[in-house]
1. Hey, can you tell me all the residues within segment 136-164 that are more than 19 Å from the chain's Cα centre (by Cα), loosely packed, with under 13 Cβ neighbours inside 10 Å and within 21 Å of residue 74 (Cα to Cα)?
2. What pairs come out if I take residues in segment 14-40 that are at positive phi and in contact (Cβ under 8 Å) with a residue 24 or more places away in the chain and pair them with residues that are surrounded by 15 or more Cβ atoms within 10 Å (Cβ to Cβ) and part of a helix (DSSP H, G or I) whose C-beta lies under 6 Å away, six or more apart or interchain?
3. Looking only at segment 1-26, filter to residues that are part of a loop (DSSP other than H, G, I, E, B) and either more than 23 Å from residue 95 (Cα to Cα) or at pLDDT below 95 (or both); which one of those is farthest from the chain's Cα centre (by Cα)?
4. So which residues in segment 62-72 are assigned to a loop (DSSP other than H, G, I, E, B) and either at pLDDT 90 or above or in contact with a strand residue (DSSP E or B) (Cβ under 7 Å, 6 or more places away or on another chain) (or both), if there are any at all?
5. Collect the residues in segment 14-27 that are more than 18 Å from residue 115 (Cα to Cα) and in contact with a helix residue (DSSP H, G or I) (Cβ under 6 Å, 6 or more places away or on another chain), keeping them in residue-number order.
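The values are calculated or read from the model by the stated rules, or taken from the named source; none is laboratory data. The structure displayed is predicted, hence computed values, not measured ones. When we count neighbours, we look across all protein chains shown, and the Cβ atoms used for this are built from the backbone with ideal geometry, even at glycine.
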């Protein structure tokens, strides 16, 4: 009779995968991931049938965590600028609190190893937040550019702000505000 799988080992494999992908990209070998998790490479394949399955499960786990932060209730009486500022602040705070996941997700998002199904599943988790951001940008930004502003500019500027804050934590509020102001003013139609 086979032994039951250990959630502790599964999490150790996901943690090791995140750490190595954050530094080496998705080319990090399964042997190195298993070694970092203190298990045999064969054990990795007991938990994840393929490396792609491991990468997809890691992608979903990170995105689920981010979605939990991003989908928390927003002040209903806040104006569009303030609602997006809340989104910005949550994104910055999550990135600062999860540097390994932030770096790993950058690699995973551009990897052709992440299944369309995983991408759709994660996009669905953020649907309401995205709709709120789109609505908040309505009348402020060129409607034909809203997707670009959200998918590229918002996340790109947040990444720059996070790296600047990490380099100089004493300027956290100043850098965060400057990054948000750049986003808001830059998206004005």
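1. Those that are more than 19 Å from the chain's Cα centre (by Cα), loosely packed, with under 13 Cβ neighbours inside 10 Å and within 21 Å of residue 74 (Cα to Cα): 138, 139.
2. 25/107
3. Taking the candidates together, the pick is 1.
4. 71
5. 16, 19, 20, 22, listed by residue number.
The rows are residues; the columns are (1) surrounded by 14 or more Cβ atoms within 10 Å (Cβ to Cβ); (2) touching a residue at least 24 places away in the same chain (Cβ under 8 Å); (3) within 22 Å of residue 17 (Cβ to Cβ); (4) in contact with a helix residue (DSSP H, G or I) (Cβ under 6 Å, 6 or more places away or on another chain).
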site: 64; (1), (2), (3), (4): no, yes, yes, no
site: 76; (1), (2), (3), (4): no, no, no, no
site: 83; (1), (2), (3), (4): yes, yes, no, yes
site: 91; (1), (2), (3), (4): yes, yes, no, yes
site: 103; (1), (2), (3), (4): yes, yes, yes, yes
site: 112; (1), (2), (3), (4): no, no, yes, no
site: 116; (1), (2), (3), (4): no, no, yes, no
site: 121; (1), (2), (3), (4): yes, yes, yes, no
site: 168; (1), (2), (3), (4): no, no, no, no
